[in-house]
Each structure stands twice: as C-alpha cells, then as structure tokens.
Amino acid sequence: MPRRRLFYLLAVVAMIGQMAFAMVTTATQQTPTIDEPVYVATAEVYAQQHSLRYNPEHPPLGKLILATGLAFGGAHRLDPAFSGSQTALGRHLLYESGNNPFRLLVAARLPVILLTCLFGLVVLAFGRDLAGPVGGLIALGLYTFSPDVIAHGSLATLDVPAAGLLLTACWLVWRGRDRPYRYLPLAGLALGGALATRASALPAVPLIVGLAALSMWHARRTRPPLLPTPLRRRLVAGAGALVVTGLIAVAVVWVVYLIVDPRLRWTTPAGLPHPGGLKGLAVEWLPVPRAYRDGLLMQFQFERQTFNGFLLGRPYRGNLWYYLPAALLIKTPLGMLALWVAGVLTMLVLPRLRAAALYVLPISAVLLLVAMTGARDYGTRYAIFLPLFLAVAAGTVALLRIRFAVPVAALLVLVTAVSSLRTFPYYLPYSNEAFGGTANTHRNLHDSNVDWGQDLARLSRKLRTDYPGQPVWLIYKGSGVPAYYGITAADPYSVPFDRVHGILVVSDSRVALASPKLKQLLDTSTPIDQVGYSMTIYKR
C-alpha cells in the first residue's frame with residue numbers, strides 16, 4: 001500500500017510538473033498578448049495609486065493577483081497624471097517608462113501559473129471524491145495536458161483564475177453534502193473570488209447557491225440524530241445555506257474593491273448607456289459596488305456592437321451561435337473530446353453519479369450557452385471552464401463496470417498527452433490532428449485561438465538569422481512594439497504596392513480578415529515561412 005501511494009504521488013507530481021514546465025517555458029518565450037498590457041498596467045495603478053479608473057469593465061481580483069507578481073518585477077512608478085486610454089497605459093508601462101517588458105510580463109504571469117497548478121489539485125480532489133483515485137488521475141491527466149489551459153494559464157489574464165475559482169466553489173459545495181458548516185462558507189469565498197475576477201461568472205451564482213442549499217438539505221437528511229430532523233428544519237437550513245453562501249460571495253466582492261480603494265472613489269462615466277428593462281433592473285439590484293455594476297453596463301455596451309469573425313476559412317460579421325462548439329472541436333485534443341463525451345454519459349447513466357452530475361454538468365452547460373450568445377467570436381478562452389469541469393466528469397469513467405474501460409481511458413489520456421506535447425511550446429495556436437494540427441489553425445480560426453500578438457520576439461530572431469539585411473514590411477496585430485524587439489520594418493500601406501519588395505510579414509489574424517487592399521498585396525506575394533504558427537512570411 002505505501003508503494004502504491006508513492007507511485008500515485010509521483011504520477012501527480014509528474015503531471016503537474018510537466019504542466020508547470022510547459023507554462024513557464026511559454027511564459028518566458030511569448031511577448032505581450034493583446035489583453036495583457038492593459039491588465040498588467042491596471043494592476044500597477046491599483047498597487048501604486050489605489051484607483052479603479054482603468055479597466056473597470058472587469059472586477060479587480062484577477063489584476064490584484066497579477067500585482068502580487070509585479071511586486072517583485074521592479075516596475076517604475078507610473079506618472080499619477082497619466083490620462084491616456086488603458087491601451088496607452090499598457091504601452092506606457094511596458095515600453096515607455098524604462099521598464100523591462102520581459103521581466104514585468106513574467107512577474108505578472110507567474111501568479112497565474114501557480115494558481116493554474118493549484119487548480120489541478122482541485123481537479124484531482126474533485127475527481128477522487130466522485131470516482132476514486134483512478135478517476136482523480138484521469139481527470140488530472142486531461143487537465144494538465146489541455147493545450148487551452150496551458151496556453152491561457154501561462155498568461156497574465158483573467159480567464160483561468162475565474163474558471164478555477166468556479167470549479168473550486170462547486171467542489172466545496174459538493175463536499176458540503178457531508179460537512180456543510182466547514183465547506184459551504186469556503187464555497188462562498190471561492191464563488192466571491194470568481195465574481196470578483198470576471199463578471200461572466202454571474203450566471204453560475206444561482207446554480208451554486210442553489211446547490212449549497214441542496215447540500216445542506218442532504219446533510220440534514222442523512223445525519224443520524226437521536227430524532228429525525230423535521231422537514232421544516234431541513235427547509236430552513238437549506239434556505240439559510242443558500243443565503244449565507246450568497247452573502248459571503250457578495251462580501252468578497254466588496255472586500256476586493258475596498259482593498260483597491262478603501263474610499264471607493266468611483267464616478268460613473270459620462271454617457272454610459274443603460275439597457276433599461278429587466279436587464280437594467282437586474283443590474284441596479286445587484287448588491288455590489290457601483291463600479292462593478294457600471295462595469296457590467298460597459299460589457300453590455302460591447303455586446304451591442306458588431307465584430308468580425310472567422311471560422312473554417314470564412315470571414316463574417318456578427319456572431320454565430322455555433323462558433324464556440326465548432327472552435328472547441330478544432331482546438332480540443334481528440335482523446336480529450338472522447339473522454340468528455342464518455343464522462344458526461346457516465347454521469348447521466350450511472351445512478352450513483354446522478355446527484356454528482358448536478359454539481360458539474362448544469363453549470364458547464366449554462367456557462368457555455370451564455371458564452372455562445374456573446375457578440376465576440378474571438379476564441380475558446382470564453383469557454384475555458386470546460387476543460388476543468390469536463391475533466392472531472394471524464395474521471396467518472398473509472399466507475400464503469402465495462403471490461404477495459406479504465407485501460408481505454410488511460411490510452412485516451414495518453415493520446416491527449418502526445419497531441420499536447422507535439423505542439424510544445426506553441427499552445428496558443430494549437431488545433432487537433434483532425435483539423436491539420438497547429439500549423440493549420442490559422443486556416444480555420446483567428447484572434448486568441450491562434451494569433452494574439454505573442455510572437456514578436458520569435459519574429460525578431462527569425463529575421464536576424466534567416467533574412468538578415470533584407471527590407472522588411474510588417475502588418476502586425478497585437479499590443480507589442482516591434483521596434484523594441486529590434487524589428488525594423490516599414491508599413492506597406494504607406495507606399496504604393498509596386499514599391500513593396502523584400503520580406504512581407506503579416507499576422508495571420510489580419511490574413512483571415514483581409515481587406516480587398518490586403519488581398520491584392522497577398523495575391524502578388526509568395527508565402528515562404530511562418531513564425532510561431534501565428535505570422536506568415538511572404539516574399540515579394
């Protein structure tokens with residue numbers, strides 16, 4: 001038995017260790033993605049000026065997490081009088097204030113990497129609770145080899161922290177079925193943390209507090225007292241659990257805002273549109289700080305806009321309801337997809353798992369349906385919670401009394417691991433083998449699925465080693481500053497196209513949504529190379 005426990009521990013350490021190695025490697029090689037400079041700079045404003053004025057559309061906790069890393073990053077003090085946009089603020093901090101962008105980014109990314117590894121332990125524990133040690137290992141294997149989780153867990157962004165805190169809340173609520181007074185308050189803390197990181201966690205609140213009530217009901221019903229607990233007391237206890245869990249979550253949101261600015265100096269931006277109707281009434285009645293509610297109104301404003309999309313080689317305007325499911329099919333390893341389906345069916349079919357299914361599947365479904373209605377078809381990061389929740393569901397196949405069920409599951413985890421390792425260290429543009437692998441993702445998807453501006457440093461090395469002395473023309477989509485990385489390039493739009501000769505580098509997201517003018521330029525150029533599977537190099 002001790003030897004078996006040792007092997008189990010070594011397997012857990014190996015899986016989380018390889019994930020940590022992959023994330024650290026990725027974090028140290030990638031230049032800023034589009035969103036990171038805003039979050040990093042806002043975190044510095046929080047720490048130095050205690051002001052909520054930047055990036056109010058997202059709650060502060062995720063950026064406070066980044067600030068814990070930036071405390072060791074050596075950032076220079078920002079100018080308190082800086083009054084530019086949040087995009088300009090990010091550029092100012094990284095490139096115009098004497099800071100080292102690499103050092104700052106790695107410092108901000110490390111806390112997210114640490115959290116991502118810790119969430120792996122939550123996946124393991126949840127999987128063990130539902131399906132035993134083998135189920136826990138299956139769940140952990142899928143989580144630690146998920147290209148999407150590795151890609152976004154290595155960035156200074158908010159998606160993985162919010163998803164991990166939601167999963168933690170669900171796991172703690174599940175544990176509350178046996179010890180409600182220990183675990184339900186902790187579930188409220190985790191739920192509040194998710195709400196204080198991304199407002200997209202709001203649709204999960206009614207489900208999680210409802211599950212808290214269900215857990216308390218179950219604990220009261222199964223407790224062996226001297227006399228049975230009356231129905232009325234069980235109802236009161238369940239209602240109390242619902243209210244207390246919700247109040248703790250709301251209190252966490254208030255505390256997070258007060259940490260940033262104890263005086264909550266916030267003024268609603270002039271001209272901020274109010275949706276009115278039931279949606280507007282719901283926002284006004286939310287028991288959270290005004291800054292949080294105004295951030296929601298800003299998100300509603302974004303959702304009323306029309307954005308460009310790209311799917312399976314076709315550009316379009318607006319949003320497609322099936323975009324996220326299609327993108328997930330492209331960017332999820334085939335072995336993982338198979339185990340997701342098997343896990344969901346197992347939870348629905350096995351009677352002993354039907355109660356557990358309530359703690360995993362409805363939240364996943366609701367969050368996915370809400371994400372599918374979003375106006376921005378920009379990436380699977382909007383559904384980053386699925387690799388966490390469905391990894392737990394997949395672990396339940398260990399309970400199937402079918403011959404070879406566990407060996408087949410282990411084989412599918414291995415297939416997932418091989419697919420994930422093959423894309424190292426290019427996890428952001430990953431796609432599975434059925435869609436041509438990582439090298440072909442840009443033919444099917446764009447933006448954060450493949451090209452988020454992350455490869456300026458790689459482009460710089462490529463130009464120095466493979467194309468020295470040649471004139472370079474660049475069409476780049478991202479937040480980085482090419483000149484900082486030693487890239488001397490001209491804008492091909494600034495001259496007549498017959499003067500554009502030499503090396504032409506184009507971000508693949510620009511290619512996907514090419515305007516007629518860019519199409520004309522590309523049609524008279526020859527693709528000869530690629531950079532990080534996110535940029536294409538042409539000869540002209």
- Between A405 and R304, what FRET efficiency comes out of the Förster formula 1/(1 + (r/R0)^6) with R0 = 45 Å and r the beta carbon distance, rounded to 0.05? 0.40
- Answer in debye to the nearest 20: the dipole magnitude of the stretch 330-420 about its Cα centre, from +1 Lys/Arg and -1 Asp/Glu charges placed on Cβ, is 180 debye
- At R265 and F82, where each label point lies 7 Å from the Cα along Cα→Cβ, what is the point-to-point distance in nanometres? 1.7 nm
- Note on the structure: Here the gain from full extension of Q530 to L281, 0.36 nm per residue of separation minus their alpha-carbon distance, amounts to 84.6 nm
- Query: At what distance in nm do the modelled label points of L518 and K539 sit from each other, each positioned 7 Å from its Cα along Cα→Cβ?
  - Reply: 2.4 nm
- For the stretch 381-437 and the stretch 118-132, distance of Cα centres in Å: 16 Å
- Task: Report the extension gain between F72 and F497 in nm, rounded to one decimal, defined as 0.36 nm multiplied by the number of residues separating them, less their alpha carbon distance.
- Result: 148.3 nm
- Item | Size of charge dipole - the stretch 86-209 - debye, nearest 20, with Cβ of Lys, Arg +1 and Asp, Glu -1, no other charges | 240 debye
- the stretch 258-270 - phi-based ³J(HN,Hα) in whole Hz, Karplus 6.51/-1.76/1.60, Gly and Pro as x: 5, 5, 5, 9, x, 9, 6, 7, 9, 10, 4, x, 5
- Item | Calculated from backbone phi, Karplus (6.51, -1.76, 1.60) coupling profile of the stretch 314-329 in Hz, x at Gly/Pro | 10, x, 7, 10, x, 10, 10, 5, 9, 4, 4, x, 5, 4, 5, 4
- Which FRET efficiency value, to the nearest 0.05, do you get for L369 and A490 by plugging their Cβ-Cβ distance into 1/(1 + (r/R0)^6) with R0 = 60 Å? 0.85
- Assigning unit charges at the beta carbon (Lys, Arg +1; Asp, Glu -1) and nothing else, what dipole magnitude in debye, to the nearest 20, does the chain show about its Cα centre? 1720 debye
- Note on the structure: Nearest-0.05 FRET efficiency for Y322 and R3 at R0 = 45 Å, using Cβ-Cβ distance, is 0.35
- Note on the structure: In order over the stretch 153-158: 3J(HN,Hα) from phi, Karplus 6.51/-1.76/1.60, θ = phi - 60°, whole Hz, x for each Gly or Pro, gives x, 9, 10, 7, 10, 9
- Query: Hey, if you put +1 on the Cβ of every Lys and Arg and -1 on every Asp and Glu Cβ in the chain, which of P527, W473, L286 ends up farthest toward the positive end of that dipole?
  - Reply: L286
- Item | Order by protection proxy (mean Cβ within 10 Å, highest first), peptides 242-255, 328-341, 157-170 | 157-170, 328-341, 242-255
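No value in this document is a laboratory result; all are computed from the given coordinates. Since the model is a prediction, treat every value here as computed from it, not as a measurement. Please note: Cβ atoms are built from the backbone with ideal geometry, for glycine as well, and neighbour counts cover all protein chains shown.
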